[in-house]
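What follows is a single structure, written as structure tokens, with notes after it.
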């Protein structure tokens with residue numbers, strides 16, 4: 001969907017590659033691309049303005065002017081500035097006397113309740129004794145939700161129903177924690193708009209009676225320009241100490257992180273990376289910067305592959321490849337696994353450098369050719385799939401009719417398959433190295449890309 | 001004024017008022033600046049630049065913002081318009097044009113049982129929206145049943161039950177962790193037989209559009225509905241948080257591809273959020289906004305009217 005900044009800048013600089021020197025106008029054009037890329041990533045307009053001014057200052061200097069690869073230089077500067085602005089990772093502040101109170105605040109639907117449970121699990125694993133507090137007395141079933149999550153991770157939940165004020169519940173929870181030697185109290189507060197004065201007063205009261213060591217704003221990674229106002233609003237009323245970005249496992253660019261960080265000046269502490277309770281990671285500025293810039297995200301691809309393809313499947317496939325026993329059944333499995341990873345455009349888009357390629361190839365055609373390949377294999381009998389050498393002319397005619405293709409299509413697939421088999425046998429003989437490294441590779445055998453038709 | 005241009009009665013309806021009130025804060029915020037931009041004496045290049053900037057600040061998205069400005073600018077030149085006030089009206093017309101659905105909604109077509117599927121990313125407000133929607137249609141004489149097919153999120157079923165009670169409609173639910181397809185199957189059967197309902201609204205688990213397997217699950221839910229009732233689901237609504245930025249377009253695209261989304265319900269419009277992304281969505285994907293959620297109460301729900309929305313955004 002998005003072109004990466006590198007591609008766009010490349011376009012700008014390609015035009016002047018022959019001229020040699022960069023002019024003021026060239027820098028302007030490049031800065032316009034930087035600006036648009038950041039806006040598309042949902043970085044706030046005003047933040048973008050300041051940011052571009054900083055990048056321009058550096059770009060106009062010698063660094064870029066005398067560089068042989070101005071596009072890369074500009075991207076490098078942007079990347080460095082982004083990392084700088086996103087700030088260093090910071091751990092939770094658990095100094096001072098126990099119990100430490102962590103208060104989670106944010107808009108409705110930003111993911112506070114889930115994040116409360118994730119933090120509790122993480123703290124419990126690191127040897128703390130956390131207790132969760134259901135201080136959202138408004139949303140229907142919010143208390144049940146926290147109680148269910150608490151049970152899943154074996155962390156107690158303190159709740160007092162929906163008719164007791166949130167501040168009272170929070171105060172009682174802290175007292176209880178002190179008595180029963182819980183070390184951290186995690187307050188799950190109701191979602192609220194930063195402009196809802198009455199609800200913001202409630203937060204101030206909760207803060208007053210519990211004196212939290214951390215007040216964490218939970219921000220949805222998909223938030224747009226509004227992020228700035230949200231962060232400003234909460235920061236003014238309850239003085240935030242940290243930020244947590246949730247739903248980072250989607251394809252949102254997460255530019256809001258830059259906006260909220262800029263406005264509040266407090267560090268980003270964690271990222272929510274999935275629906276399951278262990279899915280929480282300490283914040284890493286370089287990774288998020290790459291994401292905001294839309295540079296390929298190999299890590300996400302690997303994560304996605306790990307999610308859809310089990311270790312055992314991969315190991316079994318590796319054995320088959322080494323033994324040269326790879327047949328059409330296995331081939332079909334591989335095709336299906338690739339399909340499970342998602343649309344080809346998405347997969348290729350995540351690989352740096354391939355971003356560009358995806359534009360040149362007709363992805364629908366490639367996707368269609370995958371389908372045709374699968375249809376042909378599906379039209380074979382189990383015996384034919386296991387032993388392709390029995391595929392005579394009559395069988396091929398039947399397969400072509402069954403899959404709605406021509407005999408030529410079937411011939412081509414069988415030939416490609418043989419080539420691939422040969423290639424793999426060679427690899428098996430010369431490669432011979434074992435261990436984890438190979439496992440990753442066996443997921444998509446070399447030569448298989450030929451099968452995608454349009455891609456070569 | 002805009003109202004008259006589009007042949008609307010000049011008096012605002014109750015829905016319009018609710019929509020406009022909820023947009024009051026938006027109006028005083030970013031989009032409110034539109035009005036002050038057009039208070040300038042002359043139409044200048046700066047005016048167009050400022051306009052583009054303001055639209056982007058409203059999450060409209062760079063391409064559509066640029067196109068809106070261009071189209072307005074061209075019409076202003078072609079029609080030889082000099083007064084900024086008239087240029088402003090043209091901008092509003094263009095915005096309404098982008099937001100106007102190409103086809104009417106299919107919920108009210110005569111049919112024994114209409115099935116509506118509600119989908120969206122986590123935390124967009126699906127369950128709350130369904131509660132409000134049940135209330136809305138019950139008040140309009142429909143017999144509504146809710147299907148609790150979000151069997152994943154902790155307490156999602158309890159939450160829907162509470163909304164069902166508030167709206168006074170029946171809800172069909174299984175245990176947490178049950179197969180959503182099975183829930184839909186039972187919900188359709190119950191609607192047809194024991195409950196004699198004519199409108200079934202199905203709640204689904206929140207899912208990020210990049211989770212391929214979960215998106216496949218939606219296709220399965222659709223197939224289950226289609227097998228039982230001709231051409232079901234008749235509407236598939238994507239619930240979209242108004243504070244969402246450019247990712248809204250990716251959401252709409254993915255949910256349209258795999259769940260066949262036919263309309264958007266824009267929620268949490270009571271904040272200062274603009275929901276400007278919906279302009280891009282209808283423009284680029286042809287998926288129109290159908291309803292808006294304007295607050296936390298059960299009655300805070302209104303049918304979307306492009307004219308009222310634009311008036312709400314920019315002020316009259």
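Can you sort B:170, A:197 so the residue with the fewest Cβ neighbours within 10 Å comes first?
In increasing order of surrounding Cβ atoms, one gets A:197, B:170.
To test your reading of the geometry: what angle, between 0 and 90 degrees and rounded to tens, separates the Cα axis of helix B:212-228 from the longest principal axis of chain B?
70 degrees
How long is the gain from residue B:111 to residue B:196 if the chain were fully straight, where each residue apart is worth 0.36 nm and the alpha carbon distance is subtracted?
29.3 nm
Can you classify segment B:202-275 as rounded, prolate or oblate using the Cα gyration tensor, where a ≥ b ≥ c are the square roots of its eigenvalues, rounded means a/c under 1.5, and otherwise it's prolate if a/b beats b/c and oblate if not?
Since a/c reaches 1.5 and a/b is larger than b/c, the shape of segment B:202-275 is classed as prolate.
For the pair residue A:383/residue A:138, report the inter-label distance in nm, with labels modelled 7 Å from Cα in the Cβ direction.
Taking the simple label geometry, residue A:383 and residue A:138 are separated by 7.0 nm.
If R₀ is 56 angstrom, what is the calculated FRET efficiency for the pair residue A:284 and residue B:138, using the beta carbon separation as r and rounding to 0.05?
0.70
Taking the Cβ-Cβ separation of residue B:189 and residue A:168 as r and a Förster radius of 51 Å, what is the calculated FRET efficiency to the nearest 0.05?
Efficiency, rounded to the nearest 0.05: 0.65.
Can you put A:199, B:95 in order of Cβ neighbours within 10 angstrom, beginning with the fewest?
Listed from fewest to most nearby Cβ atoms, that is A:199, B:95.
Just the number, please: percent antiparallel of the DSSP beta bridges in chain B, rounded to the nearest 5.
Taking every DSSP beta bridge within chain B, about 10 percent pair in antiparallel fashion.
In nm, to one decimal, how far is the residue A:367 label point from the residue B:97 one, both placed 7 Å along Cα→Cβ?
It works out to 3.1 nm between the two label points.
Any idea what angle helix B:62-78 forms with the longest principal axis of chain B, computed on alpha-carbon atoms, 0 to 90 degrees, nearest 10?
Computed tilt is about 40 degrees.
Over chain B, what relative contact order in percent results from Cα pairs under 8 Å that are six or more residues apart?
Taking the mean separation of contacting Cα pairs over the length of chain B, I get 26 percent.
At a temperature of 25 °C and a viscosity of 0.890 mPa s, determine how fast segment B:72-167 diffuses translationally according to Stokes-Einstein, using the Kirkwood radius over alpha-carbon pairs as Rh; express D in µm²/s, rounded to the nearest whole number.
143 µm²/s
Give the percent of DSSP beta bridges with both residues in segment A:100-295 that are antiparallel, rounded to the nearest 5.
10 percent
Work out the P(r) tail for segment A:100-295: percent of alpha carbon pairs separated by more than 27 Å, whole number.
When every Cα pair of segment A:100-295 is considered, 23 percent fall beyond 27 Å.
Compute the distance in nm between two label points, each set 7 Å from the Cα along the Cα-to-Cβ direction, one at residue A:375 and one at residue B:298.
5.2 nm
Set the Förster radius R0 to 56 Å, insert the Cβ-Cβ distance between residue A:69 and residue A:198 as r into 1/(1 + (r/R0)^6), and round the FRET efficiency to 0.05.
That pair, residue A:69 with residue A:198, gives E of 0.50.
For a test of the definition: using alpha carbon positions, the gyration tensor, and the 1.5 limit on a/c, classify chain B as rounded, prolate or oblate.
Here chain B falls in the prolate category.
Kindly identify segment A:188-243 as rounded, prolate or oblate by the Cα gyration tensor criterion: order the square roots of the eigenvalues as a ≥ b ≥ c, call it rounded if a/c is under 1.5, otherwise compare a/b with b/c, prolate if a/b is larger, else oblate.
Prolate is the answer for segment A:188-243, as a/c is 1.5 or above and a/b outweighs b/c.
Just to confirm my numbers, what's the Cα centroid distance between segment B:111-137 and segment A:192-221 in Å?
30 Å
Using only DSSP helix segments of four residues or longer, with each worth -39500 (n - 2.57), what per-residue ellipticity at 222 nm results for chain B after dividing by its residue count and rounding to 500?
Here the helix-only value at 222 nm equals -15000 deg cm²/dmol.
Quick note: the coordinates plus some simple rules give every number you see, no bench work behind them. Note that the structure is predicted; figures quoted are calculated from it, not measured. We place every Cβ from the backbone using ideal geometry, glycine too, and count neighbours over all the protein chains shown.
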